[in-house]
Amino acid sequence: MRTGIATRVTLRSVALGYLLALVGVPIGLILWRALSPGLGAFIDSVSTPAAQSAINLSLLIVAMTVPVNVVFGIMTALTLVRGRFRGRGLLQAVVDLPFAVSPIVVGVALIMLWGAAGWFGALDHAGFRVIFGLPGMVVATIFVTLPFVVREVEPVLHEIGTEQEQAAATLGASGWQTFWRITLPAIRWGLTYGVVLTVARALGEFGAVIMVSSGFPGVSQTLTLLVHARYIDDHNTYGAYAAATLLMGLALVVLLLMTVLDRKRSNR
């Protein structure tokens, strides 16, 4: 018994020490660098016009990305779970593709497709700019956040089965009535969790967005790009730490929401 307790304590100590060294120390250093000059300096740094524009653009991209991924995520999950068709394995692989492909590769692919010299470059020549503008940043974010809603809703659909949907159809309910009154309430916790994960990834995306963004402050600079620009281009170390702290604060809110939703989903 003593050996078992000692082993558990050792394993927990090693795990906590590893997390502290890998996550806790860097986060603590950023917080110390951002808040040590005082709260007033921090507020001044994150309330500049460039910072406010970056925050608004990040939230705008999230607001445009989430509805698209919710609609197509639910449709894809229903297709994968309820459908039996040739090419189903290929669709599963496509859904997981953003997990395997580097975001930089995604950005390069979008440039090859939507850039002035790409396959759909006629749109750029016609005045509708996708690359180095908001549309390209939204498309890149949609791609990298594609799997989250699908992978959270899919196991819930497997779990609830089709008995209630079949019963509703037997009683004369249409397909839309069955979806709104039976399917959607049953998957709401998985869907909500997928939305939270999508928001978290969309807020923190950097690799794909920097490839398709001009990076101009106040035009196409998200909060992650602001951190990069302040640290690398402007050599404004404190401003980069302050922006990173603000981004961490948003991520912390999302993390707390994920924890609450996970507990509620477990209780359900």
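The values are calculated or read from the model by the stated rules, or taken from the named source; none is laboratory data. Everything numeric here is computed off the predicted structure, so don't read it as measured data. Heads up, the Cβs are rebuilt from the backbone with ideal geometry, glycines too, and the neighbour counts pull from every protein chain shown.
L20 falls short of the stated requirement of being at pLDDT 90 or above, surrounded by 11 or more Cβ atoms within 10 Å (Cβ to Cβ) and of a type outside the set (V, I, T). Here P147 meets each of (1) crowded, with 21+ Cβ neighbours inside 10 Å; (2) of a type outside the set (A, V, I, L, M, F, W, C); (3) out of contact with any Asp or Glu (no Cβ under 8 Å at 6 or more places or on another chain); (4) farther than 29 Å from P217 by Cβ with one exception, condition (3).
When the criteria are applied in full, V101 fails the requirement of being crowded, with 16+ Cβ neighbours inside 10 Å and either of a type in the set (K, R) or within 16 Å of the chain's Cα centre (by Cα) (or both). Just one of the listed residues (V139, V209, V199) is more than 25 Å from T48 (Cα to Cα), within 16 Å of the chain's Cα centre (by Cα), among the aliphatic types (A, V, I, L, M) and part of a helix (DSSP H, G or I), namely V139.
Please pick out the residue among T245, T192 that is over 30 Å from L35 (Cα atoms), out of contact with any His (no Cβ under 6 Å at 6 or more places or on another chain), part of a helix (DSSP H, G or I) and of a type in the set (V, I, T). Residue meeting the stated conditions: T192. I'm checking my understanding of the structure. Among residues of the stretch 89-118 that are part of a helix (DSSP H, G or I) and in contact with an Asp or Glu (Cβ under 8 Å, 6 or more places away or on another chain), which one is modelled with the highest pLDDT? Among them, the one singled out is P103. Before we move on, is G239 of a type outside the set (S, T, N, Q) and crowded, with 20+ Cβ neighbours inside 10 Å? Here the answer is yes, as G239 does meet what is asked. Among the residues of the stretch 57-98, those that are farther than 21 Å from V156 by Cα and of a type in the set (S, T, N, Q) comprise S58, T65.
Of all residue pairs spaced 6 or more apart or on separate chains, those with beta-carbon atoms under 7 Å, a first member in the stretch 23-40 that is surrounded by 14 or more Cβ atoms within 10 Å (Cβ to Cβ) and assigned to a helix (DSSP H, G or I) and a second member that is at pLDDT 90 or above and among the hydrophobic types (A, V, I, L, M, F, W, C) are I30/A244; A34/F42; A34/A242; L35/F42. Filtering the stretch 153-189 to residues that are in a loop (DSSP other than H, G, I, E, B) and crowded, with 18+ Cβ neighbours inside 10 Å leaves only I187. Answer yes or no as to whether F120 is in the same structural domain as V219 (by TED's automatic domain parsing), under 25 Å from L60 (Cβ atoms) and more than 26 Å from the chain's Cα centre (by Cα). Yes: the conditions hold for F120. Kindly indicate whether H125 is surrounded by fewer than 16 Cβ atoms within 10 Å (Cβ to Cβ) and in contact (Cβ under 8 Å) with a residue 60 or more places away in the chain. When the stated conditions are applied, H125 does not pass them.
Here the condition is being exposed (fewer than 14 other Cβ atoms within 10 Å of the Cβ) and under 21 Å from the mean Cα position of the chain (by Cα); of A77, A63, A6, A15, it holds for A63 alone.
Does Q221 meet the test of being assigned by TED's automatic domain parsing to the domain that holds Y241, surrounded by 14 or more Cβ atoms within 10 Å (Cβ to Cβ), of a type in the set (S, T, N, Q) and assigned to a loop (DSSP other than H, G, I, E, B)? For Q221, the condition - assigned by TED's automatic domain parsing to the domain that holds Y241, surrounded by 14 or more Cβ atoms within 10 Å (Cβ to Cβ), of a type in the set (S, T, N, Q) and assigned to a loop (DSSP other than H, G, I, E, B) - is met.
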